[in-house]
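Working notes for the structure below.
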Amino acid sequence: MDTELETNAVTSTVTEEMLERSMGCGDTETYAIGMMVSLMERAAKQLADRHIPEGFTTVGVLLNTTHVAPTVCGKEVTAVATLLEMSEGQFYFEIIASDDRGVIGEATHQRVAVPLEKFNQKAKRRGGVQ
């Protein structure tokens, strides 16, 4: 039996602020890897959100990525997350980012479901904020 895997796509237009030189993480006038990762995570989070109860969110706990081609300002980048597996609040994704010229990056990503309010309280305590 052939089952289709669930996917989610998000698209963003590359702006000056998203370039390596603008972000201070490189000298080129190309899309920064950090921005690509953010887009990839957004695609995966939106997909995971379809499977969690109200009052929960997911947090990224693992990301393994490559950034294999440059993208310049003004181009659109799309990240497509594919949900490979979910089990006991754990979500595993494959994500491909591309522009109009082809693939610019790939990733495997894991997210974990957590109760939102409890997580935020724990984070504040850890940060010394009550």
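The values are calculated or read from the model by the stated rules, or taken from the named source; none is laboratory data. Since the structure is predicted, the reported quantities are computational estimates derived from the model, not experimental observations. Glycine gets a Cβ as well: all are built from the backbone with ideal geometry, and neighbour counts include every protein chain shown. For the accessible areas, the whole protein counts, side chains as well, though only heavy atoms, and no ligand, DNA or RNA atoms are used. Shrake-Rupley method; radii C 1.70, N 1.55, O 1.52, S 1.80 Å.
Table for the structure above
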{"quantity": "For region 62-72, 3J(HN,Hα) per residue [Karplus equation, 6.51 cos²θ - 1.76 cosθ + 1.60, θ = phi - 60°, Hz, x = Gly/Pro]", "calculated": "7, 8, 10, 9, 10, 10, 10, 8, x, 10, 9"}
{"quantity": "Under the Debye formula (equal points on every Cα, no solvent term), log10 I(q)/I(0) of the chain at q = 0.10 Å⁻¹", "calculated": "-0.38"}
{"quantity": "Cut-off of 10 Å, at most 15 other beta carbons, DSSP loop: longest stretch of the chain lacking such GluC sites (Glu not before Pro)", "calculated": "89-130"}
{"quantity": "Average accessible surface area per residue within region 6-64, 1.4 Å rolling probe, Å²", "calculated": "54"}
{"quantity": "Highest-fluctuation residue, L116, L83, L19 considered, GNM on the chain with Cα pairs under 10 Å", "calculated": "L116"}
{"quantity": "Accessible carbon and sulfur surface of region 12-130 relative to its total accessible area, %, 1.4 Å", "calculated": "50"}
{"quantity": "Within the chain, longest stretch clear of exposed trypsin sites (Lys or Arg not before Pro) (DSSP loop, no more than 13 other Cβ within 10 Å)", "calculated": "51-100"}
{"quantity": "Gaussian network model of the chain, springs between alpha carbon atoms under 10 Å - residue of A69, A44, A81 with greatest fluctuation", "calculated": "A69"}
{"quantity": "The chain: angle of helix 116-126 to the longest principal axis, Cα-based, in degrees nearest 10", "calculated": "80"}
